[in-house]
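Peer 1: Starting off with a structure, shown below.
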Amino acid sequence: MANPLRGEISARLGGRDLTLCLTLGALAELEAALGAGDLMALAARFEAGRLSSREAIAIIGAGLRGAGHEITDAEVARLPIDGGAAAYVGLVADLLEATFGAASTADPDGGAPNPTAAG
């Protein structure tokens, strides 16, 4: 079961209930994968409100590995989720909110998390 105090969330992927967590190691992995120089650059990238499929795969993969699952990004890319593309976006938004707080994925007016909104 996910512990929100540790920044963990739960998701049903590939027919399994899994925990995701962006640990410090997972964030370092994302910095390298996404070409962000540091945590502030990584957070700013997410605040921009745009998300590619490749970035979603990297974020979900890092979150799964951060929670202890041994899975590659290629395997993550093949994991089905109920709700399709919108559910993947929601999962990423939930994980980023659990990690960085609501401000990192909310719109500038303080609305709901929306990583797909134009920045």
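Peer 1: Which members of the stretch 3-18 meet the condition of being open to solvent by 20 Å² or more (accessible area, probe 1.4 Å), in contact with a strand residue (DSSP E or B) (Cβ under 9 Å, 6 or more places away or on another chain) and either of a type in the set (Val, Ile, Thr) or not in a strand (DSSP E or B) (or both)?
Peer 2: Asn3, Arg6, Ile9
Peer 1: Okay, next question. Could you please find all residues in the stretch 25-40 being open to solvent by 70 Å² or more (accessible area, probe 1.4 Å) and closer than 17 Å to Glu70 by Cα?
Peer 2: Matches in the stretch 25-40: none.
Peer 1: A follow-up question, please. Considering only residues that are more than 23 Å from Ala77 (Cβ to Cβ) and assigned to a helix (DSSP H, G or I), which ones fall in the stretch 37-64? Write out each step before concluding.
Peer 2: Filtering the stretch 37-64 for residues more than 23 Å from Ala77 (Cβ to Cβ) gives 37-41, 43-44, 47.
Listed by number, the residues that qualify are Leu39, Met40, Ala41, Ala43, Ala44, Glu47.
Peer 1: Something else now. Sort out which residues of the stretch 75-119 are in a helix (DSSP H, G or I) and either touching a Pro at 6+ places or on another chain (Cβ under 9 Å) or at pLDDT below 50 (or both), and write them in order of number.
Peer 2: Selection gives Val89, Gly90, Val92, Ala93, Asp94, Leu96, Glu97, Ala98, Ala102, Ala103, Ser104.
Peer 1: Hey, among the residues in the stretch 19-32 that are among the hydrophobic types (A, V, I, L, M, F, W, C) and out of contact with any strand residue (DSSP E or B) (no Cβ under 6 Å at 6 or more places or on another chain), which one's nearest to Ala98 (Cα to Cα)?
Peer 2: Here the answer is Leu22.
Peer 1: For the stretch 65-74, which residues satisfy the criterion of being aliphatic (A, V, I, L, M) and either part of a helix (DSSP H, G or I) or out of contact with any strand residue (DSSP E or B) (no Cβ under 6 Å at 6 or more places or on another chain) (or both)? If you could, list the steps in order and put the result at the bottom.
Peer 2: Restricting attention to the stretch 65-74, the residues satisfying the condition of being aliphatic (A, V, I, L, M) are 67, 71, 74.
Hits for the stretch 65-74 are Ile71, Ala74.
Peer 1: Count, please, the residues in the stretch 56-100 that happen to be under 13 Å from Leu22 (Cβ atoms) and acidic (Asp, Glu).
Peer 2: Result for the stretch 56-100: 2.
The values are calculated or read from the model by the stated rules, or taken from the named source; none is laboratory data. All figures in this text were calculated on a predicted structure; none of them were measured in a lab. Because the Cβ atoms are built from the backbone with ideal geometry, glycine has one as well, and the counts that use them run over all protein chains shown. Ligands, DNA and RNA are stripped out before the accessible areas are found, and what is left, the full protein with its side chains, is counted by its heavy atoms. Shrake-Rupley method; radii C 1.70, N 1.55, O 1.52, S 1.80 Å.
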